[in-house]
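First up is the structure itself, then whatever we jot down about it.
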Amino acid sequence: MQRQKSILAFLKKPNPVGEKNAILDVSDEEIKGTDTPPEKVPRQILSDGPSSLFSSIKHKFAKVDSSLSSSFHARMEVENIPSINFLPPKHDRPENLGNSCAAPKQHSKQDLCCVGKIINDNENKTCSKLNTLEDDAPGPNTPGMKLFVPRLKRVQEDICNFKERADCSSLGDNKRTKLVQATDVLKRNDDEKSETDSKFEWLHPSRIKDANGRKLGDPLYDKKTLYIPPDALKKMSASQRQYWDVKCRYLDVVLFFKVGKFYELYEMDAEIGHKELDWKITLSGVGKCRQVGVSESGIDDAVQKLVARGYKVGRIEQLETSQQAKSRGSTSVIQRKLTHVLTPATSCDGNIGPDAIHLLAIKEDSLGRNGSTRFGFAFVDCAALKFWVGSITDDASCAALGALLVQVSPREILYESRGLSKEAQRTLKKYNLTGVAPSLLNPSDTFGEALEVESTIEKDKHFNGSSNKWNRIVDGIMHRNLALCALGGLISHLKRLMLNDVIRNGDIFSYEVYRGFLRMDGQTMVNLEIFNNNADGGASGTLYKYLNNCITTFGKRLLRNWMCHPLQDVEKINMRLDVVEKLMENSEIVLQIAQSLRKLPDLDRLLGRVKCSSQSSSLILLPLIGSKILKQRVKVFGTLVKGLQIGMGMLRTLQTDELFTKLLSKAVTLPTLSGHDGLDKYLAQVDAAIDSDFPDYQNHNVTDSEAETLSILIELFMEKGAEWSQMIYAISCIDVLRSFAISAISASGAICRPTVLPHSKATNSSVEAVCPILSMKGLWHPYALGENGGLPVPNDVHLGGDGSNEHPGALLLTGPNMGGKSTLLRATCLAVIIAQLGCFVPCESCTLSVADTIFTRLGATDRIMTGESTFLIECTETASVLQNATENSLVLLDELGRGTSTFDGYAIAYAVFRHLIESVKCRLLFATHYHPLTKEFASHPRVKLQHMACCFDPTSDHHRLVFLYKLVSGASPESYGMQVAQMAGIPRPVIEAAGKARGVMKEMVGESFRSSEERDKFSTMHEEWMKSVVSVSKIKVNESLSDNNDSLDSLFCLWHEVKSSFIK
């Protein structure tokens, strides 16, 4: 308070001559401030000696222009000049100064310049009277710790820097202008220093340490904690210790400290507030350190802005009022506590958008066999109050981990420091689609052992409110202990964020990345642009955008989940198709559903928030924010009940159509609405209670008695929490199926219901298994635009067969650049995904055997940040195909081998293609510019040669190449690279030179070209078959020929070739 005395003394007017200074009453109720540590009385800067020239005129300069920088505030807090006020301190709250502060008197710049001249004449005398400020502990090089220099001298020196050494009494307009410029420069310099320098030396970047004394450069440095010297803590006031006791454990969190009706940020957090929210930094608050602040009315908006920009934000609330604190004693300090911490991955309130926000924890355990590894994982959606836990087995490419990351799309990833392999860390960076960097856990924050996690869950009664028993969920996971460790790490992190209600009341489920569904790894979903396009990462031009006609936000989230997990069960696929077909035939039902869905709020998240508040939270006991929380709870609960009433009315309406209800009940599990155990009467009673007790539930101030009523209502409502969840899931399924119907109805091209067949299986009586079928007539890309914005050209794709109409299982595709090869490949894959989702397919007719996996190798990109070249990416993706593909897979390979030399690339493409058609025998679409491949496999019975057609425009001067985008039989004669280069704008002389060079190269290897033209009659494949025939002839009579599958394959191929030759 000593410093406050001196500050207030500065603000008083000069006393009349001979009158003593007035004594301030520091106990005045109007003068309030945050406690500051006691300080020693500093030495006097100007001694009380005989009157001097300065003392005789100093009363003229007691007040200066208030427009000058407030950054001099800290320097003006000099307690030994009580009658002179260089600059009034700037405070955010008027109560800090009281009503006794008089407005500063304005003085002319002419007077300032005169004083500058006088002081210049007495410079040595004035400087001899300066002393440094003393403090108990040495401080950093901050404005408050520097040698004090009177403001008038600093202004005078700045004038000298601008070469204004003339007599100040005769300054003209130009001189005055330059003086103002000088003070502006000084203002900016001091502002920068006050904003960057800290009062505490232990906060300097070179001296900052974690709780264990490790510095920033230490690999074990803990970025969450802060070391504060014990001596510094002793000198702090009670309010200071309240703040720094929390901050030393939450250094990575922006902490708002409640002071009266304001929330304040200090030191490093103040810099963040200044940078992100453009708040002005001042030197005040707790211990007169750097601070910014906001009123109670603006705190929610400020928190949401910081969270949206990736910061973790906490609030230290007051647990009592100032009157309650005074009742405990006049020196008592208001009790405060960190109530909760919000992060980008745990946001529940505010405008968080329709997409699910997930916090993911990963635990890796290497198997040590061929680079294989396994992962345990757990993630949570705090807004919906749901946990998922599971495990995966992965290869060296981390394809399964990539699929998990694309499916979950987490905002934040938790993993143990040094707990992930380099391959896994590269995968995290590669699929970091949301733009939020992974959160690195420190070595001390390990996930713990499985037994420890089990003990913690049992002891603390986690997941008590879950409809599923947590131990049953975990016991069904393949790598149980690994998944438990990841769950333990997630729980530990949520506890630190003060989210115990989420852990206690959350539902827990198991999560499958692949099992039972069409498998698509992360790279496949990226290549096919399922959720994000490759141009700008947005949703336009994606399959999700094409299928997303959902109205409700929870329906949109379910659609995304379905798209990550297309079905393999033919019966379930047909059940969905039955509902979609019925909706397409009955537009009235579609309209009724849409009208009801538009009235629904986000029921899924509302149910999670109500469930989280079913047990009393400590926050409602807080004197200042408890009423606000109760008011919000009434609004959320009332909105949920009213929304469920609308949803139940929609389900009752649909039940009037018996045929539709029968079809719907097969695809969706519907709740029991009426009868003895029906939900309609139960929900009606709760609705009536809300209308009676909280008629204005949208804006109702809750009293103490009403708070008890609300708690009882919520508890009774949540007795049927599982039924409400089932009902909300049924509504979301209806929304998604309606979306599928709308996509089919609004399609601009031909659309059909696919005929889906089960997996193809070999029979013992058959020499060769029938290849799975993929037959599509009139196939078009669902959201790609053709020329002039029209529809893409439809094409027919036929692979495999059922014996009566058999086609080769592999398509070797050639054609010009930009001819539409990649579009055809993508359209084929998308049609399979759409069919197995249970939606109508964009083609005239479609018959396919269910695919178990889709593999893609498309495009040519590198990843500089992860150290992966174009060819390495090619080979990594191809390796995943060769290791995991089965005969029921669908494989797309586009221009494999182009990332390396021509000879190496061709050799790799040849070997991979041959392996897939002869060993794996899957459905394969292989696009290439290696035309010798078409000669090598022209006669292969499992290969079909086709190309994208093109022609030359005879009317153009240079015979412009015209793309027809039509799939036709046979191989393309060339790739027409010169014509495409001309279209791209390469100068004509360069193209002509390239044409000559191509002719020379052909001449040089002419013999090879001519010999390659004959390969379609007798290729290397035929050579291998002949060698196999010779080896078969050497088999002994007593050996079974059926035991040698390779010999059988060779004989079959040779038989097919001979047969084809005779037919020709």
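A few notes on this one:
- Taking only the alpha carbons of the stretch 276-429, we obtain Rg and Dmax values of 21.9, 72 Å in that order.
- Solvent accessible area, Å² - ILE712, 1.4 Å probe, full protein context: 80
- Intensity falloff of the stretch 504-546 expressed as log10 I(q)/I(0), Debye formula with alpha-carbon point scatterers, at q = 0.15, 0.30 Å⁻¹: -0.54, -0.99
- The residue among VAL912, LEU933, THR955 whose Cα reaches farthest toward the positive pole of the charge dipole of the stretch 905-984, with charges on the beta-carbon of Lys, Arg, Asp and Glu, is VAL912.
- Violating pairs (Cα-Cα greater than 31 angstrom) within the set LYS234/LYS326; LYS386/LYS921; LYS556/LYS662; LYS209/LYS258; LYS461/LYS681: LYS386/LYS921; LYS461/LYS681
- Given charges at beta-carbon only (K, R positive; D, E negative), |dipole| of the stretch 890-937 in Debye: 140
- Equivalent ellipsoid, the stretch 823-926 (semi-axes from 5 times Cα gyration tensor eigenvalues, Å): 27, 16, 12
- Charge tally for ASP460 (other residues, Cβ to Cβ under 10 Å; Lys, Arg +1; Asp, Glu -1): +3.
- Cα-only Debye scattering, the stretch 887-933: base-10 log of I(q)/I(0) at q = 0.18, 0.21, 0.23 Å⁻¹: -0.51, -0.67, -0.78
- Pairwise Cα inverse-distance average, inverted: Kirkwood Rh of the stretch 676-734 (Å): 12.9
- Electrostatic bookkeeping for ALA400 treats Lys and Arg as +1 and Asp and Glu as -1; over the other residues with beta carbon under 13 Å from its beta carbon, the sum is -3.
- Scattering curve values for the stretch 445-493, log₁₀ I(q)/I(0), Debye with Cα scatterers, q = 0.15, 0.27, 0.29, 0.33 Å⁻¹: -0.35, -1.12, -1.23, -1.37
- All C-alpha to C-alpha distances of the stretch 910-954, sorted into 5 Å bins beginning at zero, yield P(r) values of 5, 17, 32, 22, 9, 6, 4, 3, 1, 0 percent in whole numbers.
- Cα centre as origin, Lys/Arg/Asp/Glu Cβ charges: the stretch 543-673 dipole, Debye: 900
- Area projected by the alpha carbon convex hull of the stretch 356-419, averaged over all directions, nm²: 4.3
- Residue among MET648, PHE717, ILE690 farthest towards the positive dipole end of the stretch 616-717, charges placed on Cβ: MET648
- Under a model in which nothing but the beta-carbon of Lys, Arg (+1) and Asp, Glu (-1) is charged, the stretch 633-764 shows a dipole of about 1060 debye around its Cα centre.
- Ordering VAL253, SER297, LEU359 by Cα displacement along the dipole of the stretch 251-392 toward the positive end leaves VAL253 in first place; charges were set at the Cβ atoms of Lys, Arg (+1) and Asp, Glu (-1).
- Separation between Cα centres of the stretch 277-338 and the stretch 453-510, rounded to whole Å: 33
- Report note on the peptides 891-899, 268-276: ranked by the mean count of other C-beta atoms within 10 Å, highest first, their order is 891-899, 268-276.
The values are calculated or read from the model by the stated rules, or taken from the named source; none is laboratory data. Computed from a predicted structure; not experimentally measured. Glycine gets a Cβ as well: all are built from the backbone with ideal geometry, and neighbour counts include every protein chain shown. SASA here: full protein model, heavy atoms, side chains in, ligands and nucleic acids out. Shrake-Rupley method; radii C 1.70, N 1.55, O 1.52, S 1.80 Å.
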